[in-house]
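Asker: What follows is a single structure, and I will ask about it in a moment.
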Amino acid sequence: MKIGNTIYLDHQATTPVNPHILAEMMPYFSESFGNPHSLDHAFGWESARAVEEAAVKVAQMIGADPDEITFTSGATESNNMALLGLGRWAAGGKRRRILVSAIEHKCVLAVARVLQEQYGYTVEHIPVDRQGFVELTALNDMLGEDVLAVSIMAVNNEIGTIQDIGKISEYIRRHGALFHCDAAQAPLAMNMDSIAEHTDLLSLSGHKMYGPKGVGIIFIAHGLEERVEPLIYGGGQQNGLRSGTVPVPLCVGLGAAAELLSGKDAEIGRYELRCRRDAFVNRLQRLSWPISVNGPDSYARHPGNANICFTGFSAQDIMGALQPNVAASTGSACTSGMPEPSHVLRAIGLNSDEAESSIRFSLGFGTPDITAEEAGALVERSLERLSKADLASKA
């Protein structure tokens, strides 16, 4: 999509709210504004019904039951609730190890570190291959009766790798461990209608799927609710798992987004997005300078993701030269300001120079072919300017 003079290619950082979704949300800001936990009057009943319907839509998208859905502020809170909640509940037990993949989101790695430092768990990182796939042999060797939980994201936020969640689940459940999946990037990338069957806890975020910011969910499978210690205490809303008044408009928006990304229309959208992304990558591969694509092949990655290494260039310099014409990213938006190279790119084998030469372009459903072509031309002109400037400095 293009906003003013800027081509927006950072949809994995955040997506714009779909106009249909926004329209569904609007009445709950002003007309149907009741507190959904006020059970003594019609205003509260109406809001409560809207939240329940949103939970149904999210549950249908992932193949769960509505009462397994708890609304949160987003995937970061959900990931914290899943791992810290489990870890605090099981503290002092026999299962003292937690496994996380080496390319997890920073919030998962951070909470795992808290569990290690404050609760005495042993945290181990599961290696991945050059394409970002979890090494199943290594995972199998690491699993044992002392593993409490395994956290592996469904779709990577930097290189777009789509994991085989079904196969991973088989390994984990064979040893009685619990499987947490950060699925924030999954709705745009894959059909999720059976993912709940393979996971015990799962996290989603509204603003990664054309819904609003500030809302997400945690799916907690039946029977596990009492094994997750809440992070927030108060009035006991949402079965005591997450106290506080739920934001009705945001919940409605997340439900509408889940409905939008379910079914055949979503599958068609993903296919068209993949074709558009591949055309954009092909445009970059025709440049005069060598580039390489970080991550897996086309069909094994997020359909909008193109993580490109521009050999011999600084990603920061390229991004500077592209401003204000193209919005992309040198890594995850959630690690902005971090001076070290991407831990994801290092985990798949890139050295520091290669990691610091890489840019993530993430196209969305609203990115037309002509805009992707224009973005490729802008990248080419930026590289030309940087090359000339480098030659001039050496003259």
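Asker: How many of the residues making up the range 88-100 are in contact (Cβ under 8 Å) with a residue 12 or more places away in the chain and either in a loop (DSSP other than H, G, I, E, B) or not assigned by TED's automatic domain parsing to the domain that holds Pro230 (or both)? Before you say what the answer is, go through the steps one by one.
Answerer: As a first pass, look at the range 88-100 and keep what is in contact (Cβ under 8 Å) with a residue 12 or more places away in the chain: 88-91, 93-100.
Then keep just the ones that are either in a loop (DSSP other than H, G, I, E, B) or not assigned by TED's automatic domain parsing to the domain that holds Pro230 (or both); that gives 91, 93-96.
Going through the range 88-100 one residue at a time, the tally reaches 5.
Asker: I need a count of the residues in the range 236-262 that are over 20 Å from Ile220 (Cβ atoms) and either free of Cβ contacts under 8 Å to residues at least 12 places away in the same chain or not in a loop (DSSP other than H, G, I, E, B) (or both).
Answerer: Final tally of qualifying residues: 8.
Asker: Of these, Pro66, Pro16, which one is under 22 Å from Ser194 (Cα atoms), at pLDDT 95 or above and surrounded by fewer than 19 Cβ atoms within 10 Å (Cβ to Cβ)?
Answerer: That would be Pro66, the only listed residue that is under 22 Å from Ser194 (Cα atoms), at pLDDT 95 or above and surrounded by fewer than 19 Cβ atoms within 10 Å (Cβ to Cβ).
Residues are listed down the side, and each one gets a yes or a no for (1) under 25 Å from Ile69 (Cα atoms); (2) part of a loop (DSSP other than H, G, I, E, B); (3) at pLDDT 95 or above; (4) touching a Cys at 6+ places or on another chain (Cβ under 9 Å):
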site: Leu139; (1), (2), (3), (4): no, no, yes, no
site: Glu158; (1), (2), (3), (4): no, yes, yes, no
site: Glu170; (1), (2), (3), (4): yes, no, yes, no
site: His180; (1), (2), (3), (4): yes, no, yes, no
site: Ala184; (1), (2), (3), (4): yes, yes, yes, no
site: Leu188; (1), (2), (3), (4): yes, yes, yes, no
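Asker: Kindly indicate the residue of the range 340-354 that is in a helix (DSSP H, G or I) and in contact (Cβ under 8 Å) with a residue 24 or more places away in the chain and also surrounded by the fewest Cβ atoms within 10 Å (Cβ to Cβ) among those meeting that condition.
Answerer: Initially, the range 340-354 is screened for residues in a helix (DSSP H, G or I), giving 343-347, 352-354.
Of the ones still in play, those that are also in contact (Cβ under 8 Å) with a residue 24 or more places away in the chain are 343-345, 347, 354.
Working: His343: 19, Val344: 30, Leu345: 26, Ala347: 22, Glu354: 17.
Top of the filtered list is Glu354.
Asker: Looking only at the range 128-160, which residues are surrounded by 23 or more Cβ atoms within 10 Å (Cβ to Cβ) and of a type in the set (Asp, Glu)?
Answerer: Answer for the range 128-160, where residues must be surrounded by 23 or more Cβ atoms within 10 Å (Cβ to Cβ) and of a type in the set (Asp, Glu): just Glu158.
Asker: Then there's this: Give me the pairs: first residue in the range 101-125 and under 22 Å from Leu204 (Cα atoms) and in the same structural domain as Met142 (by TED's automatic domain parsing), second residue assigned to a helix (DSSP H, G or I) and aliphatic (A, V, I, L, M), beta-carbon distance under 6 Å, and six or more apart or on different chains, which are they?
Answerer: Ala102/Ala347; Ile103/Val344; Ile103/Ala347; Val111/Leu83; Val111/Leu84
Asker: Within the range 76-87, identify whether any single residue is in contact with an Asp or Glu (Cβ under 6 Å, 6 or more places away or on another chain) and among the small types (Gly, Ala, Ser), and answer yes or no. Spell out the reasoning first.
Answerer: Within the range 76-87, the first condition is being in contact with an Asp or Glu (Cβ under 6 Å, 6 or more places away or on another chain), and the residues that meet it are 79, 85.
Applying the additional criterion that residues be among the small types (Gly, Ala, Ser) yields 85.
Among the residues of the range 76-87, at least one is in contact with an Asp or Glu (Cβ under 6 Å, 6 or more places away or on another chain) and among the small types (Gly, Ala, Ser), which makes the answer yes.
Asker: Let me ask something additional. Is it fair to say Trp45 is of a type in the set (A, V, I, L, M, F, W, C), more than 19 Å from Gly214 (Cα to Cα), free of Cβ contacts under 8 Å to residues at least 60 places away in the same chain and part of a helix (DSSP H, G or I)?
Answerer: The answer is yes for Trp45.
Asker: Being closer than 15 Å to Glu124 by Cα and under 19 Å from the mean Cα position of the chain (by Cα) is the filter here; which residues of the range 138-169 pass it?
Answerer: Val150, Ser151, Ile152
Asker: Something else now. Looking only at the range 284-299, decide whether some residue is in contact (Cβ under 8 Å) with a residue 40 or more places away in the chain, buried (at least 19 other Cβ atoms within 10 Å of the Cβ), at positive phi and outside the structural domain of Ile165 (by TED's automatic domain parsing).
Answerer: Looking for residues that are in contact (Cβ under 8 Å) with a residue 40 or more places away in the chain, buried (at least 19 other Cβ atoms within 10 Å of the Cβ), at positive phi and outside the structural domain of Ile165 (by TED's automatic domain parsing), one finds at least one in the range 284-299, hence yes.
Asker: Pull up the range 355-395, narrow it to residues that are part of a loop (DSSP other than H, G, I, E, B) and within 30 Å of the chain's Cα centre (by Cα), then point me to the one that is farthest from Gly160 (Cα to Cα). If you could, list the steps in order and put the result at the bottom.
Answerer: Within the range 355-395, the subset part of a loop (DSSP other than H, G, I, E, B) is 356-357, 363-368, 395.
Next, only the ones that are within 30 Å of the chain's Cα centre (by Cα) stay: 356-357, 363-368.
Numbers: Glu356: 18, Ser357: 18, Leu363: 12, Gly364: 13, Phe365: 16, Gly366: 19, Thr367: 18, Pro368: 20 Å.
Among them, the one singled out is Pro368.
Every residue, every condition in (1) surrounded by fewer than 24 Cβ atoms within 10 Å (Cβ to Cβ); (2) within 17 Å of the chain's Cα centre (by Cα); (3) more than 19 Å from Ala154 (Cα to Cα), yes or no:
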site: Ile218; (1), (2), (3): no, yes, no
site: Gly223; (1), (2), (3): yes, no, yes
site: Gly234; (1), (2), (3): yes, no, yes
site: Asn239; (1), (2), (3): yes, no, yes
site: Thr245; (1), (2), (3): yes, no, yes
site: Cys251; (1), (2), (3): no, no, yes
site: Ile268; (1), (2), (3): yes, no, yes
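Asker: Would you pick out the residues in the range 16-47 that are charged (D, E, K, R) and under 29 Å from Gly364 (Cβ atoms)?
Answerer: Of all residues in the range 16-47, those charged (D, E, K, R) come to 24, 31, 40, 46.
The answer is Glu24, and nothing else.
Asker: Based on what the data block shows, is Val108 closer than 18 Å to Glu229 by Cα, touching an Asp or Glu at 6+ places or on another chain (Cβ under 8 Å) and at pLDDT 95 or above? Before the answer, list the steps.
Answerer: Working: closer than 18 Å to Glu229 by Cα: yes; touching an Asp or Glu at 6+ places or on another chain (Cβ under 8 Å): yes; at pLDDT 95 or above: yes.
For Val108, the condition - closer than 18 Å to Glu229 by Cα, touching an Asp or Glu at 6+ places or on another chain (Cβ under 8 Å) and at pLDDT 95 or above - is met.
Asker: Could I ask something else about it? Find the residue count for the range 270-280, including only residues that are closer than 30 Å to Lys388 by Cα, among the hydrophobic types (A, V, I, L, M, F, W, C) and crowded, with 19+ Cβ neighbours inside 10 Å.
Answerer: Here is the first cut: in the range 270-280, the ones closer than 30 Å to Lys388 by Cα are 277-280.
After this cut, where a residue has to be among the hydrophobic types (A, V, I, L, M, F, W, C) as well, the list is 279-280.
Applying the additional criterion that residues be crowded, with 19+ Cβ neighbours inside 10 Å yields 280.
Number satisfying all stated conditions: 1.
Asker: Within the range 170-189, is even one residue touching a residue at least 12 places away in the same chain (Cβ under 8 Å), under 27 Å from Glu272 (Cα atoms), hydroxyl-bearing (Ser, Thr, Tyr) and surrounded by fewer than 23 Cβ atoms within 10 Å (Cβ to Cβ)? Explain how you work it out, then say what you get.
Answerer: Of all residues in the range 170-189, those touching a residue at least 12 places away in the same chain (Cβ under 8 Å) come to 171-172, 174-189.
In the following step, the residues that additionally are under 27 Å from Glu272 (Cα atoms) were identified as 181-189.
Applying the additional criterion that residues be hydroxyl-bearing (Ser, Thr, Tyr) yields none.
Taking every residue of the range 170-189 in turn, none turns out to be touching a residue at least 12 places away in the same chain (Cβ under 8 Å), under 27 Å from Glu272 (Cα atoms), hydroxyl-bearing (Ser, Thr, Tyr) and surrounded by fewer than 23 Cβ atoms within 10 Å (Cβ to Cβ).
Asker: Now, a different point. Search the range 264-279 for residues that are free of Cβ contacts under 8 Å to residues at least 60 places away in the same chain and pair each with any residue that is part of a helix (DSSP H, G or I) when their beta-carbon atoms are under 7 Å apart and the residues are at least 6 apart or on different chains.
Answerer: Pairs that qualify, where the first residue is free of Cβ contacts under 8 Å to residues at least 60 places away in the same chain and the partner is part of a helix (DSSP H, G or I), are Arg274/Ser298; Asp278/Ser298.
The values are calculated or read from the model by the stated rules, or taken from the named source; none is laboratory data. These numbers were taken from a predicted model, which means no experiment stands behind them. When we count neighbours, we look across all protein chains shown, and the Cβ atoms used for this are built from the backbone with ideal geometry, even at glycine.
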